[in-house]
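Beneath this line is the structure, given in structure tokens, with notes to follow.
Each reported figure results from applying straightforward, stated rules to the coordinates on display, with no laboratory input. These numbers were taken from a predicted model, which means no experiment stands behind them. Positions of Cβ are backbone-derived with ideal geometry, glycine not excepted, and every protein chain shown enters the neighbour counts.
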Amino acid sequence: MQIINYIKAKHNLIFKIGLICFFAFLIALMLPTKSLIGHKVDGFDAIWPYSDLILENDIVEEKLKSEIEQEKQEVAAKSPIVLEEIVYEKTAKLSKLEDIKHKDFGSYKIIKKLTDSLYQLGVIQFNDSTNLNKEYLLIKGNFAEAVDVNKLFTVEQAESFLIKNAHGKITPENAFNYIAPTIFVDEGNTAQILKDKLSKISSVKQIYLKGNPLVKRGDVLTNSKRKLINAYLNNYVLSNNYYHLKFYAGYAIIFFILITLLGYLAYFRKSIFGQNKDIVFIYLIILSSVFCAFLFYKFGFSLQALPYTLIPLLIRVFYDSRTALFTHLCTILVLSLFMVDKFEFILMQILIGIGTLFILHDLRRRQQIVFSSLIVILGYIIVFASYQIYLGTPELVKKISAYVPFLVSGGLVMLLFPLIYLSELLFGFTSDFKLLELCDLNQPLLRKLAQEVPGTFQHSIQVANIAEEVIYYIGGNTLLVRAGAMYHDIGKIYNPRFFIENIANSYSPHIEMQPMDSAKIIINHVLKGVELAKEYKLPEQLVDFIRTHHGTTTVNYFYNIYKQNNPTADKTIEAEFKYKGPIPFSKETAILMLADAIEASSRSLKIYDAVSINDLVDGIIDFKITQQQLINSGITFKDLNIAKKIMKNRLLSIYHARIEYPSN
């Protein structure tokens, strides 16, 4: 039973620890299973930016299909053409000379001499001018010798040779009777030689031996080199034993980082720590960031292209800058486990993350997101270039492609706006953009308030102006307090004539009512306001202002009348005249309570001068302190002193009261 009771008492803490264990397990599953000796490279990687990639086994670089095809074409272009000598047709034609020998011996001698010299060089079947640069081999018996086909006769050249040198003994009409090609292309042997040469073409481009660098830091990357690096990184695996050890070690690191973040929230941001929804949201951002890095790592995309600065920006939209920075630091430490150069990654992301938080400490306009995108890009470029020069790789700085991932990362910062909307939709959060929309006087509920209860509407505007200025100087969310002030009295839409700011003719319906009934109507405007806010789907943060703007104070005016009429009444009856609370639990709700009470009370002053306003402000604030209405708000006496000065100056300007100076 004791264990069960303990679990019930600590169920929120147990839930948070269990959530961390589960998230740490999911993240550990996504961590790299290989030693980070380098990342896959793509077209954006012009130079190898990491340490020398030393091979742990031999690898073979295969030729690309295009390279093999080109080599085949070169071999085919240079492969020799085989020639063979066939003389039977020549013999047949020269036999006709025997007839001439007996008839005209002189002509026979001339023709015989010419044909002997002609066939001694050879008559080729063809002469393809496109193949003049090729090697020709003439097979004679069992030997082959290279021949210059330019020195051989073609049939046409042989005919001209005979006609020109025969001194009329041979005419164009009978020249062909003595000419026959003796050298022919041997198609079979030519094709066989080409086939043998093509078969000797290797698909291996280069062999890299174990212990040698595959690529050195600063080496320029070609497409084939990129392919080889990616193939090696894909095939690089750990032993099974080391894999399990690495998983458990990774899980321990992740768990420690996540529990550190939870400790920060528990000690320094109790309001966030107390809300499981907020805890889930923050850790989901970390998990989503790791999942994106895991996908980019797995598919070989550039991890530098991820918009890491979205992490602090998205946290800052809904929480404070310190929480955003601490969450960013923890997330970056987790993500560094995906990086080869962890120091470069941590240095770059911390500097840029802090810079964006400085610039966007107050995110209210859409153009600020565009500006932050440009700042992120510029910051990445400066830090990256400086770091690479410091490491001694200035050649990487000169490569424009090295900056493309930073352009992508900066451009993706523009996703902040849809992510804000999605977070509001899923978790019910309220961003400054949402508060700006709610402060628009054309909002249906504000228009209803202005049209039906104009006195309360003007009161709300004055309270909003006072509270916003105070929060601006003491620190807090000025937009939140303005929106809270605009809606804090919406419950007065019901029974508006029972509230003094809406009484036009000085006649109060409370004159004809019992004090307790009047008090109930006054108190119920808080309850009615909460109901109306939920009907119009106002954020819970604004509903808190409605609930707390009177805290647990007493409606003293009607309570005092009741005591006068019933002097013997039990003191417990005072509970009927008290607001249900709760009391303010933040600076914003506390300042609204004070601004509301002071602005409303100032309307009943008979004399508007510095003394009366000074006494009014001091009296109301001191009264709220004695009633312990501010003990949960975290507001300090220093804050209250600043608030007093601002509220006094505001009331002086509203009522145009002049400070009275002592006369001489």
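Using 1/(1 + (r/R0)^6) with R0 = 30 angstrom and r between the beta carbons of Ser601 and Glu437, what's the FRET efficiency to the nearest 0.05? Calculated transfer efficiency: 0.40.
About its Cα centre, what dipole magnitude does the chain give when the only charges are +1 on Lys and Arg Cβ and -1 on Asp and Glu Cβ, stated in debye to the nearest 20?
Values: 70 positive and 62 negative charges, 148 e Å.
So the magnitude is around 720 debye.
In sequence order, the range 383-397 has phi-based couplings of 5, 4, 4, 5, 5, 5, 5, 5, 6, x, 10, x, 5, 6, 5 Hz under the Karplus curve 6.51 cos²θ - 1.76 cosθ + 1.60, θ = phi - 60°, and Gly or Pro positions carry x.
With equal scatterers on the alpha carbons only and no solvent term, can you work out the Debye log10 of I(q)/I(0) for the chain at 0.08, 0.09 1/Å? Rounded to two decimals, the profile gives -0.82, -0.93.
The share of Cα pairs per 10 Å bin across the range 481-539, counted from zero up to the longest distance, runs 22, 47, 25, 7 percent. Taking the Cα centre of the range 70-199 as reference, the dipole from Cβ charges on Lys and Arg (+1) and Asp and Glu (-1) amounts to some 480 debye. With the convex hull constructed from alpha-carbon coordinates only, the range 70-199 shows a mean projected area of 8.9 nm² over all directions. In the chain, the DSSP-assigned H stretches of four residues or longer account for a calculated mean residue ellipticity at 222 nm of -19000 deg cm²/dmol, using -39500 (n - 2.57) per stretch and the full residue count as denominator. Taking chymotrypsin sites (Phe, Trp or Tyr not before Pro) across the range 494-555, the ones in a DSSP loop with at most 10 further Cβ atoms lying within 10 angstrom of their Cβ are Tyr507.
What is the helix-to-structure angle for 454-474, meaning the angle in degrees between its Cα long axis and the longest Cα principal axis of the chain, kept from 0 to 90 and rounded to the nearest 10? With both axes taken from Cα atoms, the answer is about 70 degrees. For the residue pairs Lys72/Lys134; Lys277/Lys580; Lys40/Lys216; Lys448/Lys534; Lys34/Lys63, alpha carbon separations beyond 22 Å are given by Lys277/Lys580; Lys34/Lys63. Centroid-to-centroid, using Cα positions, the range 602-625 and the range 81-156 are 131 Å apart. The alpha-carbon atoms of the range 57-104, seen along their principal axes, cover 85, 19, 11 angstrom, with the largest extent given first.
Straight-line reach from Lys578: which aspartates and glutamates fall under 14 Å, measuring Cα to Cα and dropping same-chain residues less than 8 apart? Partners within reach: Asp517.
The string of couplings for the range 161-166 from the Karplus curve (6.51, -1.76, 1.60, θ = phi - 60°) is 4, 5, 5, 5, 9, 8 Hz, one whole number per residue in order, with x for Gly and Pro. Ranked by how many other Cβ atoms sit within 10 Å of their own Cβ, fewest first, the residues Asp99, Asp219, Asp104, Asp45 fall in the order Asp99, Asp104, Asp219, Asp45.
Sorting His525, His244 by the number of Cβ atoms found within 10 Å of their own Cβ, with the fewest placed first, yields His244, His525. Going from the residue with the fewest nearby Cβ atoms within 10 Å to the one with the most, Thr309, Thr327 rank Thr327, Thr309. Cross-link partners for Lys537 among the aspartates and glutamates, with Cα-Cα distance under 15 Å and sequence neighbours closer than 8 places in the same chain left out: Glu424, Glu437.
Taking the C-alpha atoms only, the angle from helix 65-78 to the longest principal axis of the chain is near 20 degrees.
Please work out whether the range 364-477 counts as rounded, prolate or oblate from its C-alpha gyration tensor, where a ≥ b ≥ c are the square roots of the eigenvalues and a/c under 1.5 means rounded, while otherwise a/b larger than b/c means prolate and anything else oblate? Mind showing how you got there, number by number?
On the way: a/c = 4.54, a/b = 2.81, b/c = 1.62.
In terms of gyration-tensor shape, prolate.
The value of relative contact order for the chain, using C-alpha pairs under 8 Å at least six residues apart, is 13 percent.
Taking the longest Cα principal axis of the chain as reference, the axis of helix 187-199 is set at about 30 degrees.
The C-alpha radius of gyration of the range 290-361, expressed as a fraction of 2.2 N^0.38 Å, stands at 1.09.
When the trypsin sites (Lys or Arg not before Pro) in the range 344-452 are filtered for DSSP coil states and for at most 14 other beta-carbon atoms within 10 Å of their beta-carbon, the remaining sites are Arg364, Arg365, Lys398. Restricting the trypsin sites (Lys or Arg not before Pro) of the range 507-568 to loop positions (DSSP other than H, G, I, E, B) with no more than 11 neighbouring Cβ atoms within 10 Å leaves Lys537. Relative contact order of the range 70-199: 43 percent, from C-alpha pairs under 8 Å at least 6 residues apart in sequence. In sequence order, the range 202-209 has phi-based couplings of 8, 7, 8, 8, 7, 10, 9, 8 Hz under the Karplus curve 6.51 cos²θ - 1.76 cosθ + 1.60, θ = phi - 60°, and Gly or Pro positions carry x.
Relative intensity of the range 411-520 on a log10 scale, I(q)/I(0) at q = 0.12, 0.24 Å⁻¹, equals -0.57, -1.23, per a Debye sum over C-alpha point scatterers of equal strength in the absence of solvent.
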